[in-house]
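I have placed the structure first, in the form of structure tokens, so that the comments after it can refer back to it.
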Amino acid sequence: MRVSLEQAIAELKKGEVVAIPTETVYGLAADATNDAALKKIFAIKQRPVDHPLIVHIGDISQVTDWVTVFPEVAVRLAKAFWPGPFTLVLPAKSHVSRVVRGDEPTVALRVPSHPLALALLKQSGLSVAAPSANLFTQLSPTTAQHVEAGLGEAMPVLDGGACNVGIESTIVSVAANGQWQLLRPGMISEEDIAKIANVKLANVTASDEAAGDVDIDASQVTPKVPGQHALHYSPRTPLRLFNDRVTLNQACETFAEAHVTCVAMLIGKGDVPSCTAITLPDQPYKVAEQLYSTLHSLDAMKVDCLLVELPPHTPEWAAVFDRLSRAGHQ
Ligand code: TXA
Ligand code: MG
């Protein structure tokens with residue numbers, strides 16, 4: 001059910017949950033200071049309660065309402081990347097809801113850049129916790145239609161059009177001593193962050209671990225962070241990952257012989273002879289923007305298997321690589 005900005009604010013103030021647009025993905029929002037409202041998010045998403053939520057704030061000046069320290073490195077990062085697809089995890093003040101923190105001593109904060117999200121935060125004066133507006137482990141929504149398809153027509157949705165970043169924010173934790181760590185790759189890259197933070201790159205990231213050979217077994221990636229499940233962001237249709245088109249094409253031929261139907265998603269020009277394919281542009285930003293909507297469409301085709309070509313394992317593709325690795329089934 002589509003709602004206006006005013007209706008969305010009224011619902012949030014009543015302690016209800018509303019799906020809101022952000023530049024990354026649609027979020028399932030609730031007042032971040034209202035435990036009863038926050039619990040509705042977990043119930044609707046069927047999300048484990050120890051998975052903390054990101055608190056969306058309207059302005060950098062609000063950070064100190066939530067955290068005990070705002071280290072210089074974090075201030076620099078916030079000034080560089082907010083409003084935008086970037087989340088900071090910092091030591092939480094004791095009054096911050098344990099529901100929002102998933103019982104962690106830290107809280108995740110982000111100032112989104114989507115104009116409707118910012119208008120909602122500024123006009124309401126609220127801070128809203130918002131995980132992606134999908135059922136736990138399923139594909140994140142990047143349109144209002146995706147939200148309704150996943151959570152039902154009765155869910156109030158503030159329609160802000162298609163999300164133009166397309167995948168979830170980069171998450172960085174900063175300790176009181178200024179040490180930072182990349183918790184989730186996103187379109188703001190680790191290199192972008194290192195430049196601003198001006199310290200050495202963190203050692204091992206979740207995406208490094210996920211980067212195996214062909215056909216990654218996502219179930220073997222150890223979660224490093226609360227809520228960073230290996231099997232995440234998945235379409236319902238089984239999805240297999242390939243490093244090259246020759247192997248992908250061979251798999252398709254083998255499947256065809258066994259009467260298993262499949263479609264391919266390729267990155268960059270060209271096609272594969274044995275398989276119907278959707279081709280995404282050879283640019284990380286464009287692939288990110290179209291990734292979930294393409295997977296939603298492929299899922300809707302109801303084939304037996306999705307065959308997905310992985311992008312190169314290079315820094316500019318890290319976030320797309322991470323999401324695809326997590327979406328892969330065996
Ligand atoms: O782009 C985004 O970040 C989207 C939009 C809606 O803003 N939100 C989003 O939320 O992706 P969600 O719930 O799908 O991801 C939140 C993740 C958690 O799973 C966890 O990994 C991390 O953020 N997180 C949140 N609070 C944390 C904390 N206190 N410590 C460590 N990680 C935390
Ligand atoms: Mg999510």
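In whole percent, what relative contact order does the chain give with Cα contacts below 8 Å and a gap of six or more residues? Don't skip to the answer; put the middle values down first.
Details: 733 pairs, mean separation 63.7, N = 330.
Over the chain, the number comes to 19 percent.
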(message) Taking R0 as 22 Å, what FRET efficiency do you get between A300 and F136 from their Cβ-Cβ distance, rounded to the nearest 0.05?
(response) 0.65
(request) Could you grab the relative contact order for region 239-327? Cα pairs under 8 Å, six or more apart, rounded to a whole percent. (result) 38 percent
(message) Compute the orientation-averaged projected area for region 239-327 from the convex hull of its Cα atoms and round it to one decimal in nm².
(response) 5.2 nm²
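In Å², and per residue, what accessible area does region 2-220 have when probed at 1.4 Å with the other protein chains present?
The answer is 39 Å² per residue.
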(request) Using Cα positions and a limit of under 17 Å, work out the lysines in reach of K40, with same-chain residues fewer than 8 apart set aside. (result) K13, K14
(message) I'd like to compare 186-194, 50-58, 320-328: which one has the highest average count of other Cβ atoms within 10 Å, and what's the full order after that?
(response) 320-328, 50-58, 186-194
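When the helices in the chain are scored as -39500 (n - 2.57) per DSSP H run of 4 or longer and the sum is shared across all residues, what 222 nm value do you end up with, to the nearest 500 deg cm²/dmol? Kindly include the intermediate steps, with their values, before the conclusion.
Working: 11 runs with 105 residues, N = 330.
Helices in the chain give a 222 nm mean residue ellipticity of -9000 deg cm²/dmol.
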(request) Order the peptides 240-246, 260-266 from the highest to the lowest mean number of other Cβ atoms within 10 Å of their residues. (result) 260-266, 240-246
(request) Diagonalise the Cα gyration tensor of the chain and give the resulting equivalent ellipsoid semi-axes, square root of 5 times each eigenvalue, largest first, whole Å. (result) 33, 23, 16
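Order 127-135, 26-34, 3-11, 311-319 from most to least packed using the mean count of other Cβ atoms within 10 Å. Kindly include the intermediate steps, with their values, before the conclusion.
Details: 127-135: 24.6, 26-34: 26.1, 3-11: 16.2, 311-319: 18.2.
The peptides rank, most packed first, as 26-34, 127-135, 311-319, 3-11.
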(request) Would you list, by chain and number, the aspartates and glutamates whose Cα falls below 19 Å from the Cα of K39, excluding same-chain residues fewer than 8 positions away? (result) E11, E16, D31, D50, D103, E104
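For V49 and V260, what is the calculated FRET efficiency with R₀ set at 56 Å and r taken between the beta-carbons, to the nearest 0.05?
Details: r = 38 Å, r/R0 = 0.68.
Calculated transfer efficiency: 0.90.
Report for the chain the percent antiparallel among DSSP-assigned beta bridges with both residues inside it, nearest 5. List each step's numbers first, then the result.
On the way: 17 of 40 bridges.
Around 45 percent of the beta bridges assigned by DSSP in the chain are antiparallel ones.
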(message) Suppose each label sits 7 Å from its Cα in the direction of the beta carbon; what would the R2-D65 distance come out to in nanometres?
(response) 3.0 nm
(message) Using a 1.4 Å probe on the protein heavy atoms, what percent of the accessible area of the chain belongs to carbon and sulfur?
(response) 53 percent
(request) Sticking with the crude label model, points 7 Å out along Cα→Cβ, report the distance from K286 to K122 in nm, one decimal please. (result) 3.3 nm
(message) List the Cys residues of the chain that have no partner Cys with a C-beta closer than 4.7 Å.
(response) C163
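The values are calculated or read from the model by the stated rules, or taken from the named source; none is laboratory data. These numbers come from a predicted model, not from an experiment. A quick note on method: Cβ atoms are made from the backbone with ideal geometry, for glycine too, and the neighbour counts reach across all protein chains shown. Note: areas computed on protein heavy atoms with side chains; ligands, DNA, RNA excluded. Shrake-Rupley method; radii C 1.70, N 1.55, O 1.52, S 1.80 Å.
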